[in-house]
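Q: Submitted below is the structure of interest, expressed as structure tokens.
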Amino acid sequence: MAVGGGSVRPEPEVDPDRPYRARQLAPYRRDAGLFDSGLTGRYPGLRGSGARDARIRSSGPGSGSDHDPERAAMLSGRIAVVATIVVGQLWGLTVALNAWLERRTGQVWLLLAFEALSFALAVAVWLAAPRDR
Amino acid sequence: MAREQAATRALLDRIRADAPVTRRDYLRILVTVSGGLLLGAAAVGVGVFRRHGTGTAPPKRVADRLGPGEAVAFRYPGVDDRALAVRLPDGRLAGYSAVCTHLACAVLWREQDGTLQCPCHDGVFDPASGEVVAGPPPRPLPKVLLREDSRGIWAVGTG
């Protein structure tokens, strides 16, 4: 297949006798199937067939292109939001421990509620991600 | 055979070349850490972490008498709860935990300065209130309640 600039994309490196070799060697890798399919280059979707690549949801014109280009940014955004929540929880835990040692029990319970709310928010942000992989 | 081994090795190299932790894994790890922090805060709330004066003990006589500027070290309410009692120059009696709130070094009475001092990092506490006067301690010293009668000076509780 010709790709921009006239370069020719090499054929996938799949051993026809052992098409599922990567899955045998690295069953812990969820993307082992991609190695077996040969779709592990820089632009795996350009192969066009969509075989075994969950990101390619249809055939025909435009298949293999990214239909949700903002998906990666959304995932990065979710990570940033949850990381911010975790930093806030670290602060809350520090203040809660200090309040406990100073016998300000009411403040400890308030901060415990804050921690629970933060965790619930982190779970919500995590679960809101689309199940497209 | 050697060719097959080389192919297997090459395939393993390709698999290992990619980071095994994806961004989705990072997200899951962060949520797990968030849950761990919630558990830590719950542990603080239910009192897993020990603080001075946890528990109760009967009144304990710590000295027969103390003159102005004198101090006595004792343990109250538990054997691990180091404490000290000080007779201030104005005649008042004050009792505090003798564990520095910075890094738990021993707090000592310095009669020449009239201060409570932690020699580890030069933390200084006001003997009249237990508040931090100088140095890195983040909190004042926990109080030990004292009572004085004809039989001596007694530690009766923690404040």
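The values are calculated or read from the model by the stated rules, or taken from the named source; none is laboratory data. Note that the structure is a prediction, hence the values are computed from the model and not measured. Cβ placement follows ideal geometry from the backbone for every residue including glycine, while neighbour counts extend to all protein chains displayed.
Q: For segment B:77-119: of the residues being of a type in the set (D, E, K, R) and under 20 Å from the mean Cα position of the chain (by Cα), which is modelled with the lowest pLDDT?
A: Result: B:80.
Q: From the list B:64, B:90, B:81, exactly one residue is farther than 28 Å from residue A:105 by Cβ, charged (D, E, K, R) and in contact with a strand residue (DSSP E or B) (Cβ under 7 Å, 6 or more places away or on another chain). Which is it?
A: B:64
Q: In segment A:39-61, is there at least one residue being modelled with pLDDT of 70 or more, more than 30 Å from residue B:47 (Cβ to Cβ) and either surrounded by 13 or more Cβ atoms within 10 Å (Cβ to Cβ) or within 11 Å of another protein chain (Cβ to nearest Cβ) (or both)?
A: Among the residues of segment A:39-61, not one is modelled with pLDDT of 70 or more, more than 30 Å from residue B:47 (Cβ to Cβ) and either surrounded by 13 or more Cβ atoms within 10 Å (Cβ to Cβ) or within 11 Å of another protein chain (Cβ to nearest Cβ) (or both), which makes the answer no.
Q: A follow-up question, please. Quick check on segment B:84-105. Is at least one of its residues within 14 Å of chain A (Cβ to nearest Cβ) and without any contact (Cβ under 8 Å) to a residue 12 or more places away in the chain?
A: Within segment B:84-105, one or more residues are within 14 Å of chain A (Cβ to nearest Cβ) and without any contact (Cβ under 8 Å) to a residue 12 or more places away in the chain.
Q: If I ask for residues that are more than 30 Å from residue A:82 (Cα to Cα) and either within 17 Å of the chain's Cα centre (by Cα) or not charged (D, E, K, R) (or both), which ones from segment B:1-46 would you list?
A: Those that are more than 30 Å from residue A:82 (Cα to Cα) and either within 17 Å of the chain's Cα centre (by Cα) or not charged (D, E, K, R) (or both): B:1, B:2, B:5, B:6, B:7, B:8, B:10, B:11, B:12.
Q: I've got another one for you. So, in segment B:135-153, of the ones that are over 11 Å from residue B:95 (Cα atoms) and touching a Ser or Thr at 6+ places or on another chain (Cβ under 9 Å), which residue ends up surrounded by the fewest Cβ atoms within 10 Å (Cβ to Cβ)?
A: Restricting to residues being over 11 Å from residue B:95 (Cα atoms) and touching a Ser or Thr at 6+ places or on another chain (Cβ under 9 Å), the top hit is B:138.
Q: On to the next question. Out of B:74, B:49, which single residue is within 29 Å of residue B:144 (Cβ to Cβ), aromatic (Phe, Trp, Tyr) and either assigned to a loop (DSSP other than H, G, I, E, B) or more than 24 Å from the chain's Cα centre (by Cα) (or both)?
A: Going through B:74, B:49 in turn, just one is within 29 Å of residue B:144 (Cβ to Cβ), aromatic (Phe, Trp, Tyr) and either assigned to a loop (DSSP other than H, G, I, E, B) or more than 24 Å from the chain's Cα centre (by Cα) (or both): B:49.
Q: Follow-up. Taking the condition in contact with a strand residue (DSSP E or B) (Cβ under 6 Å, 6 or more places away or on another chain) and either surrounded by 14 or more Cβ atoms within 10 Å (Cβ to Cβ) or part of a helix (DSSP H, G or I) (or both), does residue B:44 pass?
A: Here the answer is no, as residue B:44 does not meet what is asked.
Q: In addition: Do we have residue B:35 as surrounded by 14 or more Cβ atoms within 10 Å (Cβ to Cβ) and over 17 Å from residue A:101 (Cα atoms) here?
A: So residue B:35 fits the description; yes.
Q: Surrounded by 14 or more Cβ atoms within 10 Å (Cβ to Cβ), over 30 Å from residue B:139 (Cβ atoms), within 11 Å of chain B (Cβ to nearest Cβ) and at pLDDT 85 or above: is that true of residue A:86 in this structure?
A: Spelling it out, it is not the case that residue A:86 is surrounded by 14 or more Cβ atoms within 10 Å (Cβ to Cβ), over 30 Å from residue B:139 (Cβ atoms), within 11 Å of chain B (Cβ to nearest Cβ) and at pLDDT 85 or above.
Q: I'd like the full set of residues that are more than 9 Å from every other protein chain (Cβ to nearest Cβ), part of a helix (DSSP H, G or I) and within 15 Å of residue A:26 (Cα to Cα), limited to segment B:2-38.
A: B:9, B:13, B:17 - these are the residues of segment B:2-38 that are more than 9 Å from every other protein chain (Cβ to nearest Cβ), part of a helix (DSSP H, G or I) and within 15 Å of residue A:26 (Cα to Cα).
Q: Follow-up. Taking residue A:75, is it of a type in the set (A, V, I, L, M), more than 22 Å from residue B:42 (Cβ to Cβ), at pLDDT below 95 and buried (at least 16 other Cβ atoms within 10 Å of the Cβ)?
A: Answer is yes for this residue.
Q: Evaluate the following for residue A:125: is it more than 7 Å from chain B (Cβ to nearest Cβ), under 21 Å from the mean Cα position of the chain (by Cα), part of a helix (DSSP H, G or I) and in contact (Cβ under 8 Å) with a residue 12 or more places away in the chain?
A: yes
Q: When you go through (1) within 9 Å of another protein chain (Cβ to nearest Cβ); (2) more than 25 Å from the chain's Cα centre (by Cα); (3) not in a helix (DSSP H, G or I) one by one for residue B:65, which number turns out not to apply?
A: Among (1) within 9 Å of another protein chain (Cβ to nearest Cβ); (2) more than 25 Å from the chain's Cα centre (by Cα); (3) not in a helix (DSSP H, G or I), the lone unmet condition for residue B:65 is (1).
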